[in-house]
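The values are calculated or read from the model by the stated rules, or taken from the named source; none is laboratory data. Computed from a predicted model, the values in this text were never measured in an experiment. Positions of Cβ are backbone-derived with ideal geometry, glycine not excepted, and every protein chain shown enters the neighbour counts. Side chains are part of the model used for accessible areas, which takes the heavy atoms of the whole protein and leaves out ligands, DNA and RNA. Shrake-Rupley method; radii C 1.70, N 1.55, O 1.52, S 1.80 Å.
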Amino acid sequence: MFIRTIALAALAMVASQPLTAQPENTPTTAKAGAATMTAQAGTIPRLRPEMLVTTAWLAEHLGDPNLVVLCINSTPEFYSHGHIPGARQIKLGDIAVTRDGIPNELPPVEDLRKVFAAAGVSYSSRVVLYGERSNLFAARAYFTLDYLGVAGRAALLDGGIEKWTAEHRPLSTETPQVKPAGLTISLRPEILVDTAAMRGLAQKPEAVTLVDARPVKEFTGEQLSEDVASAGHIPGAASLYWMDMLVSRENPVLKPEAELRRMYAEVHAAPDRQLVTYCRTGMQSSFDYFVAKYLGYDPSMYDASFFEWSKKDLPAETSPKQ
């Protein structure tokens, strides 16, 4: 009980911080273990537990005045058939567009700012994200907020709507009335890698960790990605399929911290190496980006990904069947 009291006090302190702050620790984490203490000693990156909240935490805080729950979806039914009470809808097409024939690119910065401001996201908001495809769309929204420099108090709902409904928590079909908020951004272009930069990084495998978030068969070249002519992956990349970091499709919570750290160690992630995620069009890689940052790395993402890489007929590698 004493520990719980301290934890609740810590959460109250976090709730008073501005959106751009990066609180060092909160009780909103879904899991934190011995690896966190090791990280504090400096041997591995320090976990960022504030980036993940549990369904139990969210249920307790639905009435918080500064809480903004965002549902990221591409099909109207995902929201209209039942959403977390009070959740505001953001359509994927408003934050990921086709540009120069490349799907899922970032819209102009001012358009993005207006989308989140219209959903009520302000400087003081505590933002919780969930969405379609086992929170994949939510991870994309997190990356977008991070690019805008306002992800300091944003988090993913661990397990998403799947876990929420499995626990028989309440759903709503009412669309809340939302007052648009004032939102000031602080752009972070360094987390966005373009094709020219990626070409240079692919030539320096000793200095960068390239992480391919697609299914393994697409990485190896056994199977082509949708609408992509080239087989294989960017030279020097390692495979880390985004869904492998979830417990299951039916229970899409993140695996334990120690397991996630092992997975990133296997692709040679290290605090002193740049880490860049990519996939087919920058969607799946958003999840790898999110988890890498959650684990304490400072990743960036090649948004145009293998779609543009192959469109420009740049070199690709194939791997033996696994």
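Quick check on my filter: what residues within the stretch 260-276 are within 17 Å of D244 (Cβ to Cβ) and surrounded by fewer than 13 Cβ atoms within 10 Å (Cβ to Cβ)? Within the stretch 260-276, R262, A265, E266 qualify.
Being free of Cβ contacts under 8 Å to residues at least 60 places away in the same chain and within 17 Å of the chain's Cα centre (by Cα): is that true of L275 here? No: the conditions fail for L275.
One residue stands out among those in the stretch 191-231 that are of a type in the set (D, E) and open to solvent by 40 Å² or more (accessible area, probe 1.4 Å): the one that is farthest from K311 (Cα to Cα), which is E206. Each residue in the stretch 163-196 was checked for being of a type in the set (A, V, I, L, M, F, W, C) and more than 18 Å from S286 (Cβ to Cβ), and 8 of them qualify.
Go over the candidates R188, R126 one by one and state the one that is at pLDDT 95 or above, under 17 Å from the mean Cα position of the chain (by Cα), crowded, with 20+ Cβ neighbours inside 10 Å and not hydroxyl-bearing (S, T, Y).
Numbers: R188 fails: crowded, with 20+ Cβ neighbours inside 10 Å.
Result of the check over R188, R126: R126.
Residues in the stretch 278-316 that are under 13 Å from the mean Cα position of the chain (by Cα), open to solvent by 10 Å² or more (accessible area, probe 1.4 Å) and under 16 Å from E218 (Cβ atoms): M283, Q284.
Can you confirm whether I234 is at pLDDT 95 or above, closer than 22 Å to K311 by Cβ and surrounded by 22 or more Cβ atoms within 10 Å (Cβ to Cβ)? Criteria met by I234. The number of residues in the stretch 68-91 being in contact (Cβ under 8 Å) with a residue 24 or more places away in the chain and open to solvent by less than 20 Å² (accessible area, probe 1.4 Å) comes to 11.
For V178, state whether it is at negative phi and in a loop (DSSP other than H, G, I, E, B). Taking the combined requirement at face value, the residue satisfies it.
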